[in-house]
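A short worksheet on the structure shown next.
The values are calculated or read from the model by the stated rules, or taken from the named source; none is laboratory data. Since the model is a prediction, treat every value here as computed from it, not as a measurement. No Cβ is skipped: glycine too gets one built from the backbone with ideal geometry, and neighbour counts run over all protein chains shown.
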Amino acid sequence: MDEFVAVVNAARGNVKDMVLALGLTGLRPSNVLCLRKDEIRTETIQIPPEKMKNGRWGVIPVSTFVADLLRQRITNNDSDYVFPSPE
């Protein structure tokens, strides 16, 4: 836990949000980087089978903190992605 807190404290901006999403959901980095707005639900993240390693729907429950973080990111960008690339 100490290492996670240290990484969160060292991260800034988009990277900090990604680190929080990774650490608090248990998702793989590829799932967080490719997370689309339409995959965010009120209390879950629903990842389609084609993006999951096991080929089945991924339904990941999220805390209120993570749900608020993701909603804020969705509101603050025009992309279809939660963590859009600047490129």
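Things worth noting here:
- Residues that are among the basic types (Lys, Arg) and closer than 16 Å to ARG73 by Cα within the stretch 39-53 comprise just one, ARG41.
- Wholly within the chain, helices (runs of 4 or more DSSP H) carrying at least 1 residues that are polar (S, T, N, Q) and surrounded by 15 or more Cβ atoms within 10 Å (Cβ to Cβ): 13-25, 29-33
- Each residue in the stretch 53-73 was checked for being more than 24 Å from PHE4 (Cβ to Cβ) and in contact with a helix residue (DSSP H, G or I) (Cβ under 9 Å, 6 or more places away or on another chain), and 3 pass.
- All positions within the stretch 2-23 that are closer than 15 Å to VAL62 by Cα and either within 9 Å of the chain's Cα centre (by Cα) or at pLDDT below 90 (or both): ASP17, MET18, VAL19, LEU20, ALA21, LEU22
- Residues in the stretch 49-75 that are free of Cβ contacts under 8 Å to residues at least 40 places away in the same chain and of a type in the set (Val, Ile, Thr): VAL59, ILE60, VAL62, THR64, ILE74, THR75.
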